[in-house]
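Here's the structure we're looking at; comments come further down.
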Amino acid sequence: PWERAVQLSDQFNYFPEKQVLEIVFYLGQLYAQEATTTKDPKLAQQQFTKALTYFKRFLDRTPQPSPEAISTYAMLLYYKAVADPNKPDQALLKEAREVVERGLTSAIKPKESFYQLLLALLQQQNDMAGSAEILELLLKQNPSKKDQWQMLMAMYLQLSEKSRQKDPT
């Protein structure tokens, strides 16, 4: 019914823009929730596509979208990009990274979720140096996270192995 309401409002200009954007935002959230909980990969891809369409519309027409909305959109792009672990969609990963980087610059003190998502994107793109940099930043903010220290050490080891392979002397 909400999709039909948005469609009719678009066609006949029935609801005020603010009300339409609220409906569009909720539709995006609903499809995102369905996409992340379904076991059917084809259905999940369709629902990710619908969720992304609604979130993009919301973000494009909202002058000051909330960090949560921006973060959710970036996460949806990431989830859709890595839905097939054997063949990640590099274009969606790039778009997700751009959205995250915009989100990071939109606040004085960005939410940790932006950094976590950026870390996942950098790891997906095999950027070990960038991943280590983000982990260092996260650990500077919260040094009690033991699992992140282990990840950082593993990245340092990988980076040192790469540098040894390049310069065997």
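Are there any pairs with C-beta distances below 7 angstrom linking a residue in segment 27-54 that is within 11 Å of residue 80 (Cβ to Cβ) and at pLDDT 95 or above to a residue that is open to solvent by 80 Å² or more (accessible area, probe 1.4 Å) and part of a helix (DSSP H, G or I), with the two at least 6 apart or on different chains, and if so which?
As it stands, the answer is 47/34; 48/79, since those pairs meet every condition given.
Condition test on residue 69, is it small (Gly, Ala, Ser) and outside any loop (DSSP other than H, G, I, E, B)?
Values: small (Gly, Ala, Ser): yes; outside any loop (DSSP other than H, G, I, E, B): yes.
Spelling it out, residue 69 is indeed small (Gly, Ala, Ser) and outside any loop (DSSP other than H, G, I, E, B).
I'm trying to understand the selection: among the residues of segment 28-52, which are open to solvent by less than 60 Å² (accessible area, probe 1.4 Å), among the hydrophobic types (A, V, I, L, M, F, W, C) and closer than 13 Å to residue 72 by Cβ?
Within segment 28-52, 32, 35, 48, 51, 52 meet the criteria.
If the Cβ limit is 8 Å and pairs must be 6+ apart or interchain, which residue in segment 124-145 that is farther than 19 Å from residue 93 by Cβ pairs with which residue that is assigned to a loop (DSSP other than H, G, I, E, B) and open to solvent by 10 Å² or more (accessible area, probe 1.4 Å)?
Cβ pairs passing all conditions: 138/145; 139/145.
Of these, 45, 64, 33, which one is polar (S, T, N, Q), under 29 Å from residue 93 (Cβ atoms) and outside any helix (DSSP H, G or I)?
64
The values are calculated or read from the model by the stated rules, or taken from the named source; none is laboratory data. On a predicted model such as this, the values are computed, not experimentally measured, just so you know. Neighbour counts are summed over all protein chains in view; Cβ atoms, including those assigned to glycine, are modelled from backbone coordinates with ideal geometry. For accessibility, only protein heavy atoms count, side chains too; no ligands or nucleic acids. Shrake-Rupley method; radii C 1.70, N 1.55, O 1.52, S 1.80 Å.
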